[in-house]
Every structure is written in C-alpha cells, then in structure tokens.
Amino acid sequence: MATTILQNGRIIDNAKKYDFTGDVLLRDGIIESISDTPIGELDCDVIDCEGCIISPGLLDIHVHFREPSNGKHEETTSSGIKSAVAGGFTTVCTMPNTTPAIDTPELITNANEEANRNGLCQVLPTACATIGRKGDEIAPIQALVEAGAIAITDDGNVVENDAMMSAVLEQCAKYNVPFMQHCQDPKTTVGGVMNEGEIQQILGYGPWPRGAEESIIERDIALNESIGASWHAQHLSSGGSVDLIRKAKAKNQPISGEASPHHLLLTDEACRDLGTMAKMNPPLRELQDINQIKEGIADGTIEILATDHAPHPMHTKDQPFANASFGIVGLDCALALYAKALIDDGVLDWSQMLAMMTNNPAALINRPSLGTLTVGDLASITVIDPKLSWTIHVDSFASTARNCPFNGWEVKGKAIATIYDGYLALEALGDRLNHCNTT
C-alpha cells in the first residue's frame, strides 16, 4: 500500500468541519492530501469510494476482550481485534473486569504488549478504580495512568462507598483521566435480572428498577460537583438517567454518557421473545426509555455510542434466565444497528452519528487525534457503504462468541475497508480496488 487514493467519497470529519465529496491521498501509510477536487497520481492503487463515506477510524470506548481470563472465556484480544476490524473500528478501549482484574501497572503493560502483537487496530486499556474491583482499597491510579491506562473504571461493579468514590474522583481529576461508572446500586438489584415492570411480573423474574442506575448517577453528580473530574456514565438504559445528565451538563459539569445498540433497539419484551439472548446489564427497559435516550442523543446530552461488546461462551447463555450470563457481542454489527436506530428513525444524520463514534469518544479519553483526519498523520480511516444491505449472521462473526439477539436482522450500512496505521486491515472492496498507471 505504498500509494493509495480514496477516490470520490463523502469525506466526513466533524472535528475538521469536513463534509464534502473528494479524494484522500495516502503515501506510505501517511495522509498526504485531502482534497475536494480530484487527485491525479501515477502508479497507485485507487479505491473507488463513490457512494461511500470516508471517515476517521471508528472508536469504541467500551469493549470486553476477556484477557486475562484464566480459561473462563473463549474471546481473546486477538479475536476481539478481528471482531472490531470487521465492524469498522480502528480503536477500542478494553474494560478491566478480567481475571485477574487490571489493577497494576504491570497488567496494563502486559495488555498493551498483547494488543500490539496483532497490529490490525489499536487497543487502549482501562484500569480499575479499586484493587480487584472490590471497592475496599483504591488502586494506584497515578501509576496506572503512567503505564498507559486511558480511563479508570470498576466496570461490572459500581464504586459503592461514597468516601471511596470521592477519593477516586480526586485522583482522576489530579491525573487528568476520565472515570467511567457502572451505574448500579447493588442494594436495589439483589436477585434482579430484568427490568422491573409488567413483563418482569408476567415472567416471574427478579426485578431490576430504574432507580438502581439513576441513584448512582445522582450521587456521583453531587460528589463530583466540587471535584470536577471527567465523569462518564456507561451503557445508559433509563430515560430518567438522561434527564439527570442533561441537568448536570446545563450546570457545566464535566459529565458524559454513552448509549449502546441494544438499549436503542430492544425493549424488555425481548426477554420473553428471545430468552437469555436479551439478558443485559443494565437490563433492557421500555419504549419510553428508548425514546428518552434518543431525545438525549438528538439534543446532545448523550454524545457517545459504545457497544459494551460482551462475549460469553454459549453454555453460559444456555441456562435458566436467572442463572445465565449478562450481555451480548456487538462489534461486528454495531454500525448498521446504530444506523437503524438513529438514522433510519430520523434522530441523526450520518455526520452527527459518526461524530459520536469518532471525535466525541476520542475527546473523552484525551486522544483527539484519533477522531480526525489530519494531513501528515498515519492513516486511521474507515470507509463505509451506507446503503449496503446485509443480514446479520452470528456464524459469520469474527468474534468467537455468538451471544447476539440480532441474528437474522436485515440491516443497512457496513464498513468495507479500514485502514489502521496506514495498513489496509479490512478489505471488502471487490471491484472498487483498482490500480492506476496514468494520471
């Protein structure tokens, strides 16, 4: 890939205010030129991007690759990376709820070394807020950040103690690293496995109230008011949570939140129809919650889309509902699902949606260069065919896991190429890739 032209595509980069049809010239993996007029070049590869979008590489700030796992999981960093690339992502951020939990600088270093062996996309690790994610002893946040942790989180567990939470926020503010909260008050979810409501009562499963999420958000907003750390709510499920974040942002608090495909497309009815494939943490809620989350996306309250890609071996899903694992995989099909939920429904256009998958998450993790197309930088680019219709088939996923409730769905929009560090990592171009010998 010495010299390549991405030709005649819609170039979208909200950070640079780009939204025009043009060409991008790559030489030795470096972005040499971005132009709204045709670029003539001798002896180069040409990727015909007519009808496609040329975007900064997609970024997902919330994935689980399960390593280290002590043999508990089938997904690995290598297979997770392949899943990310298949979905059009060039950067992902991994969660630290592994076995052992990522709570030492050495484990951060090991995670970075493992990720760099693949080279198909960038993997950025987060680290624990407390030792072992147990909430009893604060983790060495300064050392974790210096080792390469891009965020602090006990994801899968909330930091329950108020004093501990304040101490963590103070450290995050001091070392300029975002904190990502798993918003779940465990006192209110004992035995809970699905949304508290009519469907839950019919099925007879344990209730998981909205207040479990909302109360933690409300508490953290209050704790952080005098600290001012960058605070982020993971996988929002409740419409009431959106309003809490909206009010805090109106007071200029440094607060953000993310939405995931399943919380935009499925309600708790899916627990009856799909069984354990619809068992999530936090749980699927009701249509009113989906509508409120979409309103929050439309008005900018929620600025980030993140999959919460959570692979599990099928035997952990093939259990009675109360005993089955929480979560689903999402990287392979997320882009099309976001388009279905947000673009087809008129909530956003492609430019706005891609900002939530590039510029905005990059800004949250203090890596703004990841979310933009910059002349002189190594290329990190996703080429998307927004009109490509396809069917989600879990057996074709690059992920080792198959726990996905969207199997068989007809969707539209797909990454057909990803370029990471100047290397063509995903190539599903067909006759769009040609070689040009003349200007």
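The values are calculated or read from the model by the stated rules, or taken from the named source; none is laboratory data. Predicted model, so just to flag it, every value in this text is computed and none were measured. Note that we place each Cβ from the backbone using ideal geometry, even for glycine, and neighbour counts take in every protein chain shown.
Some points to look at:
- Residue within segment 34-44 that is over 26 Å from residue 352 (Cα atoms), aliphatic (A, V, I, L, M) and part of a loop (DSSP other than H, G, I, E, B) present: yes
- The residues listed here are 90, 77; of these, the one that is in the same structural domain as residue 257 (by TED's automatic domain parsing), touching a helix residue (DSSP H, G or I) at 6+ places or on another chain (Cβ under 9 Å), closer than 14 Å to residue 334 by Cα and among the polar types (S, T, N, Q) is 90.
- Residue list for segment 1-47, restricted to those being surrounded by fewer than 19 Cβ atoms within 10 Å (Cβ to Cβ), touching a residue at least 60 places away in the same chain (Cβ under 8 Å) and hydroxyl-bearing (Ser, Thr, Tyr): 33
- Any hit, segment 339-350, residues being buried (at least 22 other Cβ atoms within 10 Å of the Cβ), within 17 Å of the chain's Cα centre (by Cα), of a type outside the set (Val, Ile, Thr) and in a helix (DSSP H, G or I): yes
- Only strands (runs of 3 or more DSSP E) whose full extent lies in segment 378-439 are considered here, and the ones with at least 1 residues that are closer than 23 Å to residue 343 by Cβ, of a type in the set (Lys, Arg) and at pLDDT 95 or above are 380-391, 410-420.
- Among strands (runs of 3 or more DSSP E) entirely within segment 159-261, having at least 1 residues that are of a type in the set (Phe, Trp, Tyr) and under 23 Å from the mean Cα position of the chain (by Cα) singles out 179-181, 231-233.
- Any hit, segment 161-176, residues being at pLDDT 95 or above, among the charged types (D, E, K, R) and surrounded by fewer than 17 Cβ atoms within 10 Å (Cβ to Cβ): yes
- When 365, 384 are checked against the criterion of being buried (at least 16 other Cβ atoms within 10 Å of the Cβ), in contact (Cβ under 8 Å) with a residue 60 or more places away in the chain, in contact with a strand residue (DSSP E or B) (Cβ under 9 Å, 6 or more places away or on another chain) and not assigned by TED's automatic domain parsing to the domain that holds residue 203, 384 stands alone in meeting it.
- Unmet requirement for residue 55, which otherwise passes all of (1) in a loop (DSSP other than H, G, I, E, B); (2) at pLDDT 95 or above: (1)
- Number of the condition not met by residue 300 [criteria: (1) free of Cβ contacts under 8 Å to residues at least 60 places away in the same chain; (2) under 20 Å from residue 364 (Cα atoms); (3) out of contact with any Leu (no Cβ under 8 Å at 6 or more places or on another chain); (4) buried (at least 23 other Cβ atoms within 10 Å of the Cβ)]: (4)
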